[in-house]
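Asks: Take a look at the following structure, please.
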Amino acid sequence: MSIIHVVSMSGGKDSTATAILAIEQHGREACRFVFADTGNEHEATVEYALDYLPQALGIRVDVVRADFTDEFATKRANLARLAAGEPETAVYGRRKFMYQWTPEAAARALELLHPTGIPYLDMCLLKGGFPSLNRQYCTEYLKTEPLTAYAIDIIDSGYAVWSWQGVRLEESPRRRRLLQGTGACVSAFEEVGGGLYNYRPILRWLAPDVFQAHELAGIRPNPLYLQGQARVGCMPCINCSKAELREIARRWPQHIERIAEWERLVSGVCRPRSPVSFFHLGTQGHAGQTSTIHSVVEWSKTTRGGRQYNLLDQLDEPTACSSSYGLCE
């Protein structure tokens with residue numbers, strides 16, 4: 001059976017290095033490149049992944065997007081039953097719609113709950129909240145599932161698929177725990193089944209190795225790495241650091257305002273006073289507020305546990321080069 005090598009592209013350094021490897025080892029004709037559009041990317045990342053890299057690498061990048069049409073229909077049907085005062089008839093999958101909704105709150109949510117066409121926002125509207133570090137379902141719904149469906153379509157046409165994934169153990173302790181568990185090692189290659197295989201060729205690479213691969217191939221890195229960002233897949237990512245969030249607010253305040261609007265929209269389809277915030281502040285962090293992103297941005301400007309503002313950081317020009325990977329040197 002012939003093999004098609006499917007490379008997941010995010011516009012980040014690791015997936016770009018993985019694409020470079022796939023081309024070197026198997027050639028462009030044996031590879032497919034695919035970008036999962038979450039709707040929460042910076043415009044520079046979209047341009048890099050869908051315009052610059054195809055031209056620089058001589059490839060075509062396909063785009064997949066999560067579709068929540070069926071889920072919206074199910075939730076709207078349940079809300080309609082709740083608004084009509086029939087909570088006992090509201091079900092979600094195999095379980096009842098268990099939360100304490102009033103008919104008034106359900107009617108308000110029903111009026112607001114419509115697909116926006118933005119996968120990330122649609123997912124949050126359906127979930128009634130945002131992903132968290134402990135419930136990081138955004139990757140599953142917005143990337144893993146649509147990318148797997150893309151691979152299955154290729155398998156159904158008679159090929160085996162190697163799914164190339166640009167993940168590295170150094171990237172984060174959580175990534176290491178996810179891939180290794182409590183074991184000492186993790187396989188870079190594994191059979192999923194049905195003709196699908198996962199391949200992680202840069203699993204043990206370090207960040208300098210990744211950028212060296214860019215340099216040797218004549219590929220410039222995503223420009224956001226020169227603008228204070230360590231992660232570029234989402235803007236912002238729920239995993240972003242205090243320094244990254246501060247840079248986002250200084251350089252691209254429009255993205256902070258977008259998240260504030262998302263918080264207001266998601267809050268509107270939840271039970272009253274539900275703790276809904278992009279960056280989770282606990283159950284008391286959001287009650288009675290329509291947005292928390294601005295307060296978190298203010299916190300990102302401080303030191304000493306939020307007790308003191310870092311005045312030196314405020315003196316930096318927002319246009320200055322800043323890289324946690326030493327790319328400005």
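The values are calculated or read from the model by the stated rules, or taken from the named source; none is laboratory data. The shown structure was predicted, so the numbers you read here are calculated from the model rather than taken from an experiment. A quick note on method: Cβ atoms are made from the backbone with ideal geometry, for glycine too, and the neighbour counts reach across all protein chains shown.
Asks: For the stretch 9-31, give me the residue count where each residue is part of a helix (DSSP H, G or I) and within 20 Å of the chain's Cα centre (by Cα).
Replies: Within the stretch 9-31, the first condition is being part of a helix (DSSP H, G or I), and the residues that meet it are 13-26, 28-30.
Subsequent filtering for residues that are within 20 Å of the chain's Cα centre (by Cα) retains 13-19.
So the answer is 7.
Asks: For the stretch 195-206, does any single residue satisfy the condition of being in contact (Cβ under 8 Å) with a residue 60 or more places away in the chain and over 23 Å from the mean Cα position of the chain (by Cα)?
Replies: There is at least one residue in the stretch 195-206 that is in contact (Cβ under 8 Å) with a residue 60 or more places away in the chain and over 23 Å from the mean Cα position of the chain (by Cα).
Asks: From the set of residues in the stretch 106-144 that are of a type in the set (Gly, Ala, Ser) and assigned to a helix (DSSP H, G or I), which is surrounded by the fewest Cβ atoms within 10 Å (Cβ to Cβ)?
Replies: 107
Asks: Does the stretch 288-297 hold any residues that are in contact with a helix residue (DSSP H, G or I) (Cβ under 9 Å, 6 or more places away or on another chain) and modelled with pLDDT of 85 or more, and which are they?
Replies: Our first condition is that a residue be in contact with a helix residue (DSSP H, G or I) (Cβ under 9 Å, 6 or more places away or on another chain); within the stretch 288-297, this holds for 289-294, 296-297.
Selection gives 293, 294, 296, 297.
Asks: Please enumerate the residues belonging to the stretch 43-66 that are in a loop (DSSP other than H, G, I, E, B) and exposed (fewer than 15 other Cβ atoms within 10 Å of the Cβ). Spell out the reasoning first.
Replies: Our first condition is that a residue be in a loop (DSSP other than H, G, I, E, B); within the stretch 43-66, this holds for 58-60, 65-66.
Answer for the stretch 43-66, where residues must be in a loop (DSSP other than H, G, I, E, B) and exposed (fewer than 15 other Cβ atoms within 10 Å of the Cβ): 58, 60.
Asks: Taking the stretch 198-209, which residues are closer than 27 Å to residue 160 by Cβ and hydrophobic (A, V, I, L, M, F, W, C)? I'd like the intermediate steps shown before the answer.
Replies: Taking the stretch 198-209 and keeping what is closer than 27 Å to residue 160 by Cβ, we get 198-205.
Answer for the stretch 198-209, where residues must be closer than 27 Å to residue 160 by Cβ and hydrophobic (A, V, I, L, M, F, W, C): 202, 203, 205.
Asks: Residues of the stretch 25-55 being in contact (Cβ under 8 Å) with a residue 24 or more places away in the chain and among the acidic types (Asp, Glu), which ones?
Replies: If the condition is that a residue be in contact (Cβ under 8 Å) with a residue 24 or more places away in the chain and among the acidic types (Asp, Glu), then 37, 41 are the ones that fit.
Asks: Keeping to the stretch 32-42, report how many residues are more than 18 Å from the chain's Cα centre (by Cα) and surrounded by fewer than 20 Cβ atoms within 10 Å (Cβ to Cβ).
Replies: The total comes to 0.
Asks: Still on this model: Which residues, taken from the stretch 145-168, are surrounded by 14 or more Cβ atoms within 10 Å (Cβ to Cβ), in a loop (DSSP other than H, G, I, E, B) and of a type in the set (Gly, Ala, Ser)?
Replies: The one that is surrounded by 14 or more Cβ atoms within 10 Å (Cβ to Cβ), in a loop (DSSP other than H, G, I, E, B) and of a type in the set (Gly, Ala, Ser): 166.
Asks: Something else now. Taking the stated definitions as given, is residue 179 modelled with pLDDT under 95, assigned to a helix (DSSP H, G or I) and surrounded by 16 or more Cβ atoms within 10 Å (Cβ to Cβ)? It would help to see each step written out before you state the result.
Replies: Numbers: modelled with pLDDT under 95: yes; assigned to a helix (DSSP H, G or I): yes; surrounded by 16 or more Cβ atoms within 10 Å (Cβ to Cβ): yes.
Spelling it out, residue 179 is indeed modelled with pLDDT under 95, assigned to a helix (DSSP H, G or I) and surrounded by 16 or more Cβ atoms within 10 Å (Cβ to Cβ).
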